[in-house]
1. Of the residues that make up segment 234-243, is at least one more than 21 Å from Ile29 (Cβ to Cβ) and in the same structural domain as Gly280 (by TED's automatic domain parsing)?
2. Take the residues in segment 150-186 that are in a helix (DSSP H, G or I) and in contact with a helix residue (DSSP H, G or I) (Cβ under 9 Å, 6 or more places away or on another chain), then tell me which one is surrounded by the fewest Cβ atoms within 10 Å (Cβ to Cβ).
3. Determine whether Tyr390 is at negative phi, touching a strand residue (DSSP E or B) at 6+ places or on another chain (Cβ under 6 Å) and in contact (Cβ under 8 Å) with a residue 24 or more places away in the chain.
4. Need at least 3 residues that are modelled with pLDDT under 95 and assigned by TED's automatic domain parsing to the domain that holds Val299 per element, so show me which helices (runs of 4 or more DSSP H) inside segment 17-86 make the cut, counting only ones lying wholly within it.
5. Mind listing whichever residues of segment 349-382 are part of a helix (DSSP H, G or I), surrounded by fewer than 21 Cβ atoms within 10 Å (Cβ to Cβ) and in contact (Cβ under 8 Å) with a residue 24 or more places away in the chain?
6. Write out, first by first residue and then by second, each pair whose Cβ atoms fall under 7 Å of each other, whose residues are 6+ apart or on separate chains, and whose first residue, in segment 414-439, is in the same structural domain as Pro383 (by TED's automatic domain parsing) while the second is part of a loop (DSSP other than H, G, I, E, B) and among the β-branched types (Val, Ile, Thr).
7. Let me spell it out: the conditions are (1) on the phi < 0 side of the Ramachandran plot; (2) touching a Leu at 6+ places or on another chain (Cβ under 7 Å); (3) polar (S, T, N, Q), and Asn168 meets all of them except one. Which number is the exception?
8. Given the criterion within 23 Å of Glu237 (Cβ to Cβ) and either in contact (Cβ under 8 Å) with a residue 60 or more places away in the chain or of a type in the set (Ser, Thr, Tyr) (or both), identify the matching residue among Val264, Val313, Val297.
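The values are calculated or read from the model by the stated rules, or taken from the named source; none is laboratory data. What you see is a predicted model, and the numbers here were worked out from it, not measured in a lab. Cβ atoms come from the backbone with ideal geometry, glycine included; neighbour counts cover every protein chain shown.
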Amino acid sequence: MKKLILILLFIPLLSFGQNAFSKKTNFIIFFTDDQGYNDVGCFGSPDIKTPNLDNMARGGMKFTNFYAQPLCGPSRAALLTGSYPIRIAEPKNTKDFHTKLHPKEVTIAELLKNEGYQTACIGKWHVGEEPEQMPLEQGFDYYYGTPKYNGNSKLIEESPYRSPILRNKDTLMVINTVEEMGLLTNKYTKEATDFIKKNKKNPFFLYLAHNMPHVPIGASEKFRAKSEGGFYGDVIEELDWSMGEVLKTLKDEGLEENTLVIFVSDNGPWIEEKIGDHAGSAYPLKGSKAQTWEGGVRVPCIMQWKGQIKEGVTNTELLTTMDFFPTFLEFSGAKLSQKLTIDGKSFSDVLLKNKKSKHDFFYYYAYTHLQAVRDKDWKLVVPRSKNPDYMKWRGRKINAVKEVQLFNMKNDKEEQYNLAEQNPEKVKELMLLIEEGREELGDHNRIGKGARFFDDNPKTQRIDEYNKWKNNQKEN
(Lines give C-alpha, C1' and ligand atoms only; values in the text may rest on other atoms or scores of the structure.)
Protein backbone atom coordinates (compact mmCIF):
# COMPACT_ATOMS: atom_id res chain seq x y z
CA MET A 1 0.00 0.00 0.00
CA LYS A 2 1.32 3.37 -0.95
CA LYS A 3 1.86 5.87 1.79
CA LEU A 4 1.24 9.60 1.51
CA ILE A 5 4.68 11.01 0.80
CA LEU A 6 5.37 14.33 2.47
CA ILE A 7 8.34 16.58 1.96
CA LEU A 8 9.96 17.47 5.25
CA LEU A 9 11.68 20.48 3.89
CA PHE A 10 15.16 21.14 5.10
CA ILE A 11 16.89 21.80 1.81
CA PRO A 12 20.67 21.89 1.55
CA LEU A 13 22.58 23.60 -1.22
CA LEU A 14 22.75 21.35 -4.25
CA SER A 15 26.19 20.43 -5.45
CA PHE A 16 25.42 21.87 -8.87
CA GLY A 17 23.49 24.87 -7.53
CA GLN A 18 26.08 27.59 -7.17
CA ASN A 19 28.97 25.84 -8.89
CA ALA A 20 27.30 25.42 -12.27
CA PHE A 21 25.99 28.99 -12.44
CA SER A 22 28.10 32.07 -11.70
CA LYS A 23 25.01 33.95 -10.51
CA LYS A 24 21.93 32.91 -8.65
CA THR A 25 19.09 31.90 -10.93
CA ASN A 26 16.33 34.47 -11.51
CA PHE A 27 12.71 33.29 -11.49
CA ILE A 28 9.69 34.66 -13.34
CA ILE A 29 6.19 33.22 -12.98
CA PHE A 30 3.84 34.58 -15.64
CA PHE A 31 0.47 33.62 -14.14
CA THR A 32 -2.75 34.16 -16.08
CA ASP A 33 -6.28 34.04 -14.67
CA ASP A 34 -8.94 31.63 -16.00
CA GLN A 35 -7.02 30.83 -19.19
CA GLY A 36 -8.10 27.47 -20.55
CA TYR A 37 -5.95 24.53 -21.59
CA ASN A 38 -6.81 25.18 -25.24
CA ASP A 39 -6.25 28.96 -25.20
CA VAL A 40 -2.69 28.91 -26.57
CA GLY A 41 -1.65 28.22 -30.15
CA CYS A 42 0.74 25.41 -29.27
CA PHE A 43 -1.95 23.80 -27.09
CA GLY A 44 -4.34 23.67 -30.02
CA SER A 45 -6.26 26.95 -30.16
CA PRO A 46 -7.76 27.19 -33.67
CA ASP A 47 -8.31 30.96 -33.76
CA ILE A 48 -6.20 32.65 -31.06
CA LYS A 49 -2.70 33.57 -32.21
CA THR A 50 0.05 33.34 -29.58
CA PRO A 51 3.37 33.57 -31.48
CA ASN A 52 5.44 34.50 -28.42
CA LEU A 53 4.18 31.63 -26.29
CA ASP A 54 4.57 29.28 -29.24
CA ASN A 55 8.17 30.43 -29.73
CA MET A 56 8.73 30.01 -26.01
CA ALA A 57 7.58 26.38 -26.31
CA ARG A 58 9.89 25.81 -29.28
CA GLY A 59 12.76 27.25 -27.25
CA GLY A 60 11.86 25.45 -24.06
CA MET A 61 9.46 22.85 -22.65
CA LYS A 62 5.71 22.51 -23.00
CA PHE A 63 3.98 20.58 -20.17
CA THR A 64 0.74 18.74 -20.94
CA ASN A 65 0.05 17.23 -17.50
CA PHE A 66 0.46 20.32 -15.37
CA TYR A 67 -1.97 20.96 -12.51
CA ALA A 68 -3.20 23.95 -10.55
CA GLN A 69 -6.24 24.28 -8.25
CA PRO A 70 -9.79 24.82 -9.53
CA LEU A 71 -10.32 28.35 -8.16
CA CYS A 72 -8.36 31.63 -8.08
CA GLY A 73 -7.52 32.10 -4.38
CA PRO A 74 -6.67 28.48 -3.59
CA SER A 75 -4.54 28.27 -6.73
CA ARG A 76 -2.47 31.32 -5.73
CA ALA A 77 -2.07 30.12 -2.17
CA ALA A 78 -0.87 26.71 -3.35
CA LEU A 79 1.68 28.31 -5.66
CA LEU A 80 3.07 30.62 -2.98
CA THR A 81 3.31 28.02 -0.20
CA GLY A 82 3.92 24.74 -2.03
CA SER A 83 0.94 23.19 -0.22
CA TYR A 84 -2.57 22.00 -0.92
CA PRO A 85 -4.95 24.81 0.10
CA ILE A 86 -6.66 22.54 2.62
CA ARG A 87 -3.32 22.19 4.45
CA ILE A 88 -2.61 25.93 4.55
CA ALA A 89 -3.33 27.89 7.75
CA GLU A 90 -5.79 30.76 7.60
CA PRO A 91 -6.66 33.46 10.18
CA LYS A 92 -8.92 32.34 13.05
CA ASN A 93 -8.51 28.70 11.95
CA THR A 94 -11.17 29.12 9.26
CA LYS A 95 -11.10 27.77 5.74
CA ASP A 96 -12.33 30.27 3.17
CA PHE A 97 -13.33 29.61 -0.43
CA HIS A 98 -10.54 31.91 -1.54
CA THR A 99 -7.65 30.97 0.72
CA LYS A 100 -6.44 33.80 2.95
CA LEU A 101 -2.85 33.26 4.00
CA HIS A 102 -2.13 33.28 7.71
CA PRO A 103 0.75 35.68 8.44
CA LYS A 104 2.73 32.74 9.84
CA GLU A 105 2.58 30.85 6.55
CA VAL A 106 5.91 30.84 4.68
CA THR A 107 5.96 31.91 1.02
CA ILE A 108 8.46 31.45 -1.81
CA ALA A 109 9.08 35.18 -1.76
CA GLU A 110 10.07 35.21 1.92
CA LEU A 111 12.64 32.46 1.49
CA LEU A 112 14.14 33.94 -1.67
CA LYS A 113 14.26 37.38 -0.07
CA ASN A 114 16.25 35.88 2.79
CA GLU A 115 18.70 34.63 0.16
CA GLY A 116 19.29 38.11 -1.22
CA TYR A 117 16.67 38.13 -3.97
CA GLN A 118 14.71 41.23 -4.99
CA THR A 119 11.06 40.19 -5.05
CA ALA A 120 8.08 41.74 -6.80
CA CYS A 121 4.40 40.86 -7.06
CA ILE A 122 2.84 42.56 -10.04
CA GLY A 123 -0.82 41.87 -10.73
CA LYS A 124 -3.63 40.10 -8.91
CA TRP A 125 -2.99 39.05 -5.29
CA HIS A 126 -6.24 37.51 -3.93
CA VAL A 127 -4.91 35.58 -0.93
CA GLY A 128 -6.09 37.97 1.76
CA GLU A 129 -6.85 41.67 2.08
CA GLU A 130 -5.88 42.49 5.64
CA PRO A 131 -2.65 44.52 5.94
CA GLU A 132 -0.71 41.58 7.39
CA GLN A 133 -1.81 39.37 4.47
CA MET A 134 -0.76 41.69 1.65
CA PRO A 135 2.36 41.16 -0.54
CA LEU A 136 4.70 43.48 1.36
CA GLU A 137 4.09 41.42 4.50
CA GLN A 138 4.45 38.11 2.66
CA GLY A 139 7.99 38.49 1.36
CA PHE A 140 7.63 40.89 -1.56
CA ASP A 141 9.74 44.05 -1.77
CA TYR A 142 7.42 45.66 -4.28
CA TYR A 143 3.75 45.37 -5.16
CA TYR A 144 1.72 46.81 -8.02
CA GLY A 145 -1.69 45.40 -8.77
CA THR A 146 -5.19 44.58 -7.58
CA PRO A 147 -5.85 43.00 -4.17
CA LYS A 148 -8.66 40.81 -5.55
CA TYR A 149 -10.27 39.91 -8.86
CA ASN A 150 -11.61 42.15 -11.68
CA GLY A 151 -15.22 41.43 -10.75
CA ASN A 152 -17.77 38.65 -10.95
CA SER A 153 -19.86 39.61 -13.97
CA LYS A 154 -19.40 39.42 -17.73
CA LEU A 155 -19.57 43.20 -18.12
CA ILE A 156 -18.19 45.66 -15.59
CA GLU A 157 -21.44 47.66 -15.44
CA GLU A 158 -23.37 44.52 -14.39
CA SER A 159 -21.77 44.48 -10.93
CA PRO A 160 -21.22 47.17 -8.28
CA TYR A 161 -17.75 45.77 -7.55
CA ARG A 162 -14.85 47.99 -8.63
CA SER A 163 -11.23 46.92 -8.39
CA PRO A 164 -8.55 49.33 -7.16
CA ILE A 165 -4.96 49.36 -8.42
CA LEU A 166 -2.34 49.69 -5.68
CA ARG A 167 1.34 50.53 -5.69
CA ASN A 168 2.68 49.04 -2.49
CA LYS A 169 0.07 50.37 0.00
CA ASP A 170 -1.23 53.34 -1.98
CA THR A 171 -4.35 53.29 -4.17
CA LEU A 172 -3.54 54.77 -7.58
CA MET A 173 -6.94 54.44 -9.24
CA VAL A 174 -10.20 52.49 -9.23
CA ILE A 175 -11.24 50.68 -12.41
CA ASN A 176 -14.68 51.88 -13.47
CA THR A 177 -14.94 51.21 -17.20
CA VAL A 178 -14.09 48.50 -19.72
CA GLU A 179 -11.58 50.92 -21.26
CA GLU A 180 -9.79 51.26 -17.92
CA MET A 181 -9.90 47.49 -17.51
CA GLY A 182 -8.17 47.26 -20.86
CA LEU A 183 -5.17 49.17 -19.50
CA LEU A 184 -4.22 46.47 -16.97
CA THR A 185 -2.15 44.13 -19.13
CA ASN A 186 -0.12 47.00 -20.56
CA LYS A 187 0.44 48.56 -17.14
CA TYR A 188 1.58 45.26 -15.64
CA THR A 189 3.92 44.61 -18.55
CA LYS A 190 5.66 47.97 -18.14
CA GLU A 191 5.98 47.43 -14.39
CA ALA A 192 7.46 43.97 -15.01
CA THR A 193 10.01 45.04 -17.62
CA ASP A 194 11.03 48.04 -15.51
CA PHE A 195 11.58 45.73 -12.53
CA ILE A 196 13.76 43.40 -14.62
CA LYS A 197 15.90 46.28 -15.91
CA LYS A 198 16.26 47.79 -12.47
CA ASN A 199 17.37 44.49 -10.92
CA LYS A 200 19.46 43.01 -13.72
CA LYS A 201 22.53 42.97 -11.46
CA ASN A 202 20.66 41.32 -8.58
CA PRO A 203 18.99 37.93 -8.32
CA PHE A 204 15.25 38.48 -8.58
CA PHE A 205 11.89 36.75 -8.31
CA LEU A 206 9.08 38.28 -10.37
CA TYR A 207 5.57 37.01 -9.75
CA LEU A 208 3.63 38.52 -12.66
CA ALA A 209 0.02 37.53 -11.97
CA HIS A 210 -2.12 38.98 -14.75
CA ASN A 211 -5.80 39.67 -14.05
CA MET A 212 -6.76 38.59 -17.55
CA PRO A 213 -8.68 36.78 -18.88
CA HIS A 214 -10.90 36.77 -15.76
CA VAL A 215 -14.16 38.64 -16.41
CA PRO A 216 -14.85 41.48 -16.85
CA ILE A 217 -12.18 41.25 -19.54
CA GLY A 218 -10.40 44.15 -21.17
CA ALA A 219 -7.89 44.74 -23.93
CA SER A 220 -6.09 47.89 -25.03
CA GLU A 221 -7.00 49.72 -28.21
CA LYS A 222 -4.00 48.21 -30.01
CA PHE A 223 -5.46 44.69 -29.58
CA ARG A 224 -9.21 45.36 -29.47
CA ALA A 225 -11.20 43.77 -32.31
CA LYS A 226 -8.10 42.20 -33.87
CA SER A 227 -8.32 38.50 -33.00
CA GLU A 228 -10.23 35.85 -34.89
CA GLY A 229 -11.13 34.56 -31.44
CA GLY A 230 -13.31 37.58 -30.66
CA PHE A 231 -12.92 39.85 -27.63
CA TYR A 232 -11.60 36.96 -25.53
CA GLY A 233 -9.03 36.29 -28.24
CA ASP A 234 -7.99 39.97 -28.14
CA VAL A 235 -7.29 39.59 -24.43
CA ILE A 236 -5.19 36.44 -24.85
CA GLU A 237 -3.24 37.91 -27.75
CA GLU A 238 -2.35 40.93 -25.61
CA LEU A 239 -1.17 38.56 -22.88
CA ASP A 240 0.98 36.87 -25.51
CA TRP A 241 2.42 40.28 -26.40
CA SER A 242 3.14 40.82 -22.70
CA MET A 243 5.13 37.59 -22.53
CA GLY A 244 7.00 38.68 -25.64
CA GLU A 245 7.99 41.95 -23.96
CA VAL A 246 9.23 40.10 -20.88
CA LEU A 247 11.32 37.69 -22.97
CA LYS A 248 12.67 40.52 -25.13
CA THR A 249 13.75 42.43 -22.03
CA LEU A 250 15.58 39.39 -20.68
CA LYS A 251 17.38 38.98 -24.00
CA ASP A 252 18.27 42.67 -24.27
CA GLU A 253 19.64 42.70 -20.72
CA GLY A 254 21.64 39.49 -21.18
CA LEU A 255 19.58 37.56 -18.64
CA GLU A 256 18.12 34.72 -20.74
CA GLU A 257 20.57 32.05 -19.61
CA ASN A 258 20.22 32.99 -15.99
CA THR A 259 16.43 33.17 -15.77
CA LEU A 260 13.85 30.39 -15.50
CA VAL A 261 10.62 31.75 -17.03
CA ILE A 262 7.33 29.94 -16.42
CA PHE A 263 4.01 30.57 -18.12
CA VAL A 264 0.98 28.93 -16.49
CA SER A 265 -2.72 29.55 -15.81
CA ASP A 266 -4.29 29.52 -12.34
CA ASN A 267 -7.23 27.25 -13.27
CA GLY A 268 -9.49 26.31 -16.14
CA PRO A 269 -11.77 28.71 -18.02
CA TRP A 270 -14.90 30.18 -16.44
CA ILE A 271 -17.51 28.54 -18.66
CA GLU A 272 -21.11 29.45 -17.84
CA GLU A 273 -24.02 30.83 -19.85
CA LYS A 274 -23.85 34.16 -18.02
CA ILE A 275 -20.23 34.59 -19.12
CA GLY A 276 -20.90 33.52 -22.69
CA ASP A 277 -18.22 34.28 -25.26
CA HIS A 278 -16.01 36.03 -22.69
CA ALA A 279 -14.66 32.65 -21.56
CA GLY A 280 -12.01 30.39 -23.00
CA SER A 281 -11.80 26.70 -23.84
CA ALA A 282 -10.45 23.64 -22.07
CA TYR A 283 -10.84 21.45 -25.15
CA PRO A 284 -10.42 18.50 -25.31
CA LEU A 285 -10.68 18.30 -21.54
CA LYS A 286 -13.94 17.90 -19.64
CA GLY A 287 -15.14 20.57 -17.22
CA SER A 288 -14.08 24.10 -16.34
CA LYS A 289 -13.16 26.45 -13.49
CA ALA A 290 -14.38 25.43 -9.99
CA GLN A 291 -14.59 21.79 -11.08
CA THR A 292 -12.20 18.89 -10.54
CA TRP A 293 -12.73 17.40 -13.97
CA GLU A 294 -9.51 17.86 -15.94
CA GLY A 295 -10.69 21.07 -17.60
CA GLY A 296 -10.85 22.81 -14.23
CA VAL A 297 -7.36 21.98 -12.99
CA ARG A 298 -5.14 20.87 -15.87
CA VAL A 299 -3.64 24.06 -17.28
CA PRO A 300 -1.29 25.12 -20.09
CA CYS A 301 2.31 25.46 -18.93
CA ILE A 302 5.52 26.41 -20.75
CA MET A 303 9.00 26.89 -19.32
CA GLN A 304 12.06 28.49 -20.86
CA TRP A 305 15.62 28.61 -19.53
CA LYS A 306 17.99 29.29 -22.37
CA GLY A 307 21.09 27.14 -22.40
CA GLN A 308 19.94 25.08 -19.41
CA ILE A 309 16.95 22.99 -20.52
CA LYS A 310 16.36 21.18 -23.79
CA GLU A 311 14.45 23.08 -26.44
CA GLY A 312 11.29 22.01 -28.23
CA VAL A 313 10.35 19.31 -25.72
CA THR A 314 6.77 18.28 -24.93
CA ASN A 315 6.85 16.89 -21.42
CA THR A 316 4.08 14.61 -20.15
CA GLU A 317 5.20 14.28 -16.52
CA LEU A 318 2.73 15.10 -13.75
CA LEU A 319 3.75 18.43 -12.20
CA THR A 320 1.93 21.10 -10.20
CA THR A 321 2.15 24.78 -9.25
CA MET A 322 2.99 23.59 -5.71
CA ASP A 323 6.31 22.36 -7.12
CA PHE A 324 7.61 25.89 -7.76
CA PHE A 325 8.33 26.28 -4.04
CA PRO A 326 10.83 23.42 -3.58
CA THR A 327 12.24 23.81 -7.11
CA PHE A 328 13.10 27.48 -6.64
CA LEU A 329 14.64 26.76 -3.26
CA GLU A 330 16.75 24.03 -4.79
CA PHE A 331 18.05 26.20 -7.63
CA SER A 332 18.65 29.23 -5.40
CA GLY A 333 20.24 27.42 -2.49
CA ALA A 334 17.65 28.88 -0.12
CA LYS A 335 16.62 26.82 2.87
CA LEU A 336 14.35 26.93 5.88
CA SER A 337 15.41 27.42 9.46
CA GLN A 338 12.60 25.05 10.44
CA LYS A 339 11.00 21.89 9.19
CA LEU A 340 7.91 22.39 7.11
CA THR A 341 5.61 19.81 5.57
CA ILE A 342 4.64 20.75 2.03
CA ASP A 343 3.15 18.90 -0.90
CA GLY A 344 5.21 20.23 -3.78
CA LYS A 345 8.20 18.30 -5.11
CA SER A 346 11.19 19.73 -6.91
CA PHE A 347 11.15 19.20 -10.67
CA SER A 348 14.81 20.16 -11.16
CA ASP A 349 15.63 16.70 -12.54
CA VAL A 350 12.66 16.86 -14.90
CA LEU A 351 14.03 20.10 -16.36
CA LEU A 352 17.75 19.39 -16.36
CA LYS A 353 18.03 15.60 -16.62
CA ASN A 354 14.83 14.54 -18.40
CA LYS A 355 13.87 12.36 -15.44
CA LYS A 356 10.47 11.31 -14.11
CA SER A 357 8.34 13.48 -11.84
CA LYS A 358 8.69 12.81 -8.12
CA HIS A 359 4.89 12.87 -7.81
CA ASP A 360 3.24 9.51 -7.36
CA PHE A 361 -0.20 11.07 -7.10
CA PHE A 362 -2.22 14.28 -7.08
CA TYR A 363 -5.34 15.07 -5.05
CA TYR A 364 -8.25 16.98 -6.60
CA TYR A 365 -9.96 19.26 -4.07
CA ALA A 366 -12.96 21.53 -4.67
CA TYR A 367 -12.82 23.90 -1.69
CA THR A 368 -12.25 21.37 1.10
CA HIS A 369 -13.97 18.46 -0.64
CA LEU A 370 -11.65 15.67 -1.82
CA GLN A 371 -13.25 14.54 -5.06
CA ALA A 372 -10.58 12.55 -6.90
CA VAL A 373 -7.00 11.32 -6.98
CA ARG A 374 -4.61 10.77 -9.87
CA ASP A 375 -1.94 8.09 -9.66
CA LYS A 376 0.31 8.16 -12.74
CA ASP A 377 -1.99 7.15 -15.64
CA TRP A 378 -5.08 6.55 -13.51
CA LYS A 379 -7.68 8.94 -12.05
CA LEU A 380 -10.28 7.81 -9.52
CA VAL A 381 -13.37 10.00 -8.98
CA VAL A 382 -15.39 9.30 -5.83
CA PRO A 383 -19.20 9.69 -5.52
CA ARG A 384 -20.61 13.10 -4.57
CA SER A 385 -23.93 14.93 -4.44
CA LYS A 386 -24.95 17.75 -6.73
CA ASN A 387 -24.66 21.36 -5.57
CA PRO A 388 -23.73 20.73 -1.88
CA ASP A 389 -24.92 23.49 0.49
CA TYR A 390 -21.52 24.15 2.03
CA MET A 391 -20.16 25.15 -1.40
CA LYS A 392 -22.63 28.08 -1.49
CA TRP A 393 -22.74 29.78 -4.93
CA ARG A 394 -19.88 27.62 -6.16
CA GLY A 395 -22.04 24.57 -5.62
CA ARG A 396 -23.80 25.26 -8.90
CA LYS A 397 -20.61 24.08 -10.61
CA ILE A 398 -20.57 20.73 -8.77
CA ASN A 399 -22.42 17.97 -10.60
CA ALA A 400 -23.40 14.66 -9.06
CA VAL A 401 -21.24 11.55 -9.33
CA LYS A 402 -23.36 8.54 -8.40
CA GLU A 403 -20.69 5.83 -8.50
CA VAL A 404 -16.94 5.43 -8.39
CA GLN A 405 -15.40 6.32 -11.73
CA LEU A 406 -11.97 5.28 -12.98
CA PHE A 407 -10.30 6.84 -16.01
CA ASN A 408 -7.06 6.10 -17.82
CA MET A 409 -5.50 9.54 -18.29
CA LYS A 410 -3.03 8.35 -20.90
CA ASN A 411 -5.73 7.06 -23.23
CA ASP A 412 -8.74 9.04 -22.08
CA LYS A 413 -7.89 12.54 -20.87
CA GLU A 414 -11.45 13.52 -21.87
CA GLU A 415 -12.78 11.33 -19.00
CA GLN A 416 -15.36 9.54 -21.15
CA TYR A 417 -14.87 5.86 -20.32
CA ASN A 418 -15.39 4.58 -16.79
CA LEU A 419 -13.14 1.54 -16.32
CA ALA A 420 -13.93 0.88 -12.66
CA GLU A 421 -15.72 -2.44 -13.21
CA GLN A 422 -12.85 -3.77 -15.34
CA ASN A 423 -10.19 -2.77 -12.80
CA PRO A 424 -11.44 -3.53 -9.27
CA GLU A 425 -7.93 -3.91 -7.82
CA LYS A 426 -6.90 -0.47 -9.13
CA VAL A 427 -10.06 1.02 -7.64
CA LYS A 428 -9.25 -0.57 -4.29
CA GLU A 429 -5.67 0.73 -4.45
CA LEU A 430 -6.74 4.28 -5.24
CA MET A 431 -9.48 4.26 -2.60
CA LEU A 432 -6.71 3.63 -0.08
CA LEU A 433 -4.97 6.74 -1.39
CA ILE A 434 -8.21 8.68 -0.97
CA GLU A 435 -8.41 7.57 2.66
CA GLU A 436 -4.78 8.52 3.27
CA GLY A 437 -5.49 11.95 1.80
CA ARG A 438 -8.48 12.42 4.08
CA GLU A 439 -6.41 11.42 7.09
CA GLU A 440 -3.46 13.70 6.29
CA LEU A 441 -5.10 16.68 4.57
CA GLY A 442 -8.76 16.38 5.49
CA ASP A 443 -12.11 16.55 3.73
CA HIS A 444 -15.19 18.78 3.91
CA ASN A 445 -16.33 16.96 7.06
CA ARG A 446 -12.95 16.00 8.49
CA ILE A 447 -9.86 17.83 9.70
CA GLY A 448 -6.60 16.36 8.48
CA LYS A 449 -3.83 15.68 10.96
CA GLY A 450 -1.40 17.59 8.72
CA ALA A 451 -3.55 20.72 8.31
CA ARG A 452 -1.91 23.81 9.79
CA PHE A 453 -3.66 25.91 12.47
CA PHE A 454 -1.92 28.79 14.24
CA ASP A 455 -4.71 30.45 16.25
CA ASP A 456 -6.72 29.60 19.37
CA ASN A 457 -10.11 29.46 17.69
CA PRO A 458 -11.85 26.12 17.13
CA LYS A 459 -10.51 24.33 14.06
CA THR A 460 -12.77 24.03 11.04
CA GLN A 461 -12.51 23.07 7.38
CA ARG A 462 -15.52 25.17 6.37
CA ILE A 463 -16.26 28.88 6.63
CA ASP A 464 -19.97 28.24 7.32
CA GLU A 465 -19.08 26.20 10.42
CA TYR A 466 -16.90 29.04 11.69
CA ASN A 467 -19.68 31.58 11.14
CA LYS A 468 -22.14 29.32 13.00
CA TRP A 469 -19.72 29.08 15.94
CA LYS A 470 -19.18 32.85 15.93
CA ASN A 471 -22.92 33.53 16.00
CA ASN A 472 -23.37 31.11 18.91
CA GLN A 473 -20.64 32.94 20.82
CA LYS A 474 -22.53 36.23 20.37
CA GLU A 475 -25.83 34.70 21.53
CA ASN A 476 -24.21 33.25 24.65
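1. Yes, that holds for at least one residue.
2. Pass one, segment 150-186, residues in a helix (DSSP H, G or I): 156-158, 178-181, 184-186.
The next check asks that each one be in contact with a helix residue (DSSP H, G or I) (Cβ under 9 Å, 6 or more places away or on another chain); those that pass are 156-157, 178, 180-181, 185-186.
On the way: Ile156: 22, Glu157: 12, Val178: 16, Glu180: 16, Met181: 23, Thr185: 24, Asn186: 18.
So the residue we want is Glu157.
3. Criteria not met by Tyr390.
4. Working: elements: 17-20, 51-58, 72-81.
Per the criteria, 17-20.
5. Leu352
6. Listed by first residue and then by second, the contacts come to Ala420/Val404; Val427/Val404; Ile434/Val382.
7. In the conditions (1) on the phi < 0 side of the Ramachandran plot; (2) touching a Leu at 6+ places or on another chain (Cβ under 7 Å); (3) polar (S, T, N, Q), Asn168 misses (1) alone.
8. Val264
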